[in-house]
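The values are calculated or read from the model by the stated rules, or taken from the named source; none is laboratory data. Bear in mind that the values here come from a model prediction, so they are computed numbers and not experimental data. Cβ atoms come from the backbone with ideal geometry, glycine included; neighbour counts cover every protein chain shown. Calculation scope for accessible area: heavy atoms of the full protein, side chains included, ligands and nucleic acids excluded. Shrake-Rupley method; radii C 1.70, N 1.55, O 1.52, S 1.80 Å.
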Amino acid sequence: MSNMHEIKPGIYWVGAEDWDRRLFDSLIPLPEGTSYNAYLVVGSEKTALLDTVDPPKREVLIRHLDRLEEKGIEGIDYIVSHHTEQDHSGAIPDVLERYPGAKVVASPKAGKMLVEHLRIPESVITTVDDGDTISLGDRTLEFIMAPWVHWPETMFTYIPEDRMLFTCDFLGSHLATGDLYDADPRAHYLGAKRYYAEIMMPFAHVIPGYLERIRKMDVDIIAPSHGLIHRDPDMILSAYEEWTSDKVANMVLIPYVSMHGSTRRLVEHLAEALMERDIPFKVHDLTTIDLGEYAMDLVDAATVILGTPTVLGGPHPLAVYAAYLTGALRPKTRYLGLIGSYGWGGRMPEAITDLLKGLKAEMLEPVIVKGHPTQDDLARIERLADEIAGRHRSLE
Ligand code: FEO
């Protein structure tokens, strides 16, 4: 992205790209970096800034605003904060310092959170509710409360005169591509899917309501606060409709870790058995896993079979991590399984089952073996593959 973009006459992208960032929330890999999209909306009477940027990029935002001043656009009357997480609200204090007369507009919950997280004085905050509007003269800001995509205080802004919808994190992607729009639609789709998997999937149950509401609004452009702007809203709305539907893919995910080869032998045998039964699968080695790719696969896969040895009486810590994450992301996985080995004893299966108990999935019979797998153990893996094949047949 260049330093400043005009999306429609008087509506500017004034955000910041973060090409070098490789980790979000100290957890989520960002192979393509990310962007913090802030937008300046200039009306005939008032001007509004929609969201800001992550604090380390505050100077980029201020520079963009300075450049607009050079073009004759003076002052900011409103700073709309869609979401309190600091990658969007963190530079509000800097903008307030630069434009001391500006009012911060937020949902009632966000109003409180902005005071708690950023110590913004309550006196500069104006709260709005669903359907409330603020006139900028020839443009209107219409607010839509959108809790749980992905915090409880989130809201969207719609500008009916331009048919532009600003959705903050919702419908975003972690991409810093040097372009505002989707120059490469496939890369855009995959970036949006990865983002959905990592950030939005735990809230899949509330998303269809928002999709329906947006469908009824006849939106021309959707502008999220990360990644690319959607000039074809149908692409992203259809993708979200599919990801949040009940439909699962004929796919088995096998995240695993092995210490001395016993669990790996089980994984290899399961992979061969699935291949013989024409069931697609994907193996993720937990020692080198890209969490984003794993999360993306979880969006559709019908079955997850976790492989782990027993260490100090419980699962391998990497398997604990994977199981915890699988449970926390709340995918629509229908079938779960556990394979692994132990040396002398332990409570590995109980610990993993406990981590996954929040998922509404059927637990298949675990295959837990003592030491290196015997022929009998491998026959149990074959039976597990039969169970999976039977269930996957019913998917179609
Ligand atoms: Fe992009 Fe939830 O912040």
Quiz item: Against the longest alpha carbon principal axis of the chain, how many degrees, from 0 to 90 and to the nearest 10, is the axis of helix 375-393 turned?
Solution: 50 degrees
Practice problem: Whole number in Å², please: accessible area per residue of region 5-243, 1.4 Å probe, ligands, DNA and RNA not counted. | Solution: 39 Å²
Quiz item: Quick one: Debye curve from the C-alpha atoms of region 179-315, no solvent, what's log10 I(q)/I(0) at q = 0.09, 0.15, 0.20, 0.22 Å⁻¹?
Solution: -0.38, -0.84, -1.17, -1.32
Quiz item: If you take the Cα Rg of the chain and divide it by 2.2 N^0.38 Å, with N the number of residues, what do you get?
Solution: 1.13
Practice problem: With all protein chains present, calculate the accessible area of PHE203 using a 1.4 Å probe and round the result to the nearest 10 Å². | Solution: 40 Å²
Practice problem: Leaving ligands, DNA and RNA out of it, rank LYS332, LYS282, LYS109, LYS357 by accessible area with a 1.4 Å probe, largest first. | Solution: LYS357, LYS109, LYS282, LYS332
Exercise. Post the alpha-carbon centroid distance, region 13-62 to region 335-392, in whole angstrom.
Key: 45 Å
Quiz prompt | Of all accessible heavy-atom area on region 5-243, the percent that carbon and sulfur account for (1.4 Å) | solution = 49 percent
Quiz item: So for region 249-389: antiparallel DSSP bridges make up what percent, rounded to the nearest 5?
Solution: 10 percent
Exercise. Just the number, please: carbon plus sulfur as a percent of the accessible area of region 249-389, 1.4 Å probe, no ligands or DNA/RNA counted.
Key: 53 percent
Practice problem: State, to one decimal in nm, how far the label point of THR374 lies from the label point of MET275, with both points 7 Å from Cα in the Cβ direction. | Solution: 2.7 nm
Self-check item: Area of LEU266 that stays accessible when all protein chains are in place (1.4 Å probe, Å², to 10)
Solution: 0 Å²
Practice problem: For the chain, find the longest principal axis of its Cα atoms and tell me its angle to the long axis of helix 233-243, 0 to 90°, nearest 10. | Solution: 30 degrees
Quiz item: Dividing the alpha-carbon radius of gyration of region 249-389 by 2.2 N^0.38 Å (N being the number of residues), what value is obtained?
Solution: 0.94
Quiz item: On full extension of the chain, what length is gained from GLU97 through ASP386, given 0.36 nm per residue of separation minus the C-alpha to C-alpha distance?
Solution: 97.5 nm
Quiz prompt | Alpha-carbon centroid distance for the pair region 221-284 / region 198-214, whole angstrom | solution = 19 Å
Quiz item: Between the helical axis of 317-329 and the dominant principal axis of the chain, each derived from Cα atoms, what acute angle in degrees is found, rounded to the nearest 10?
Solution: 50 degrees
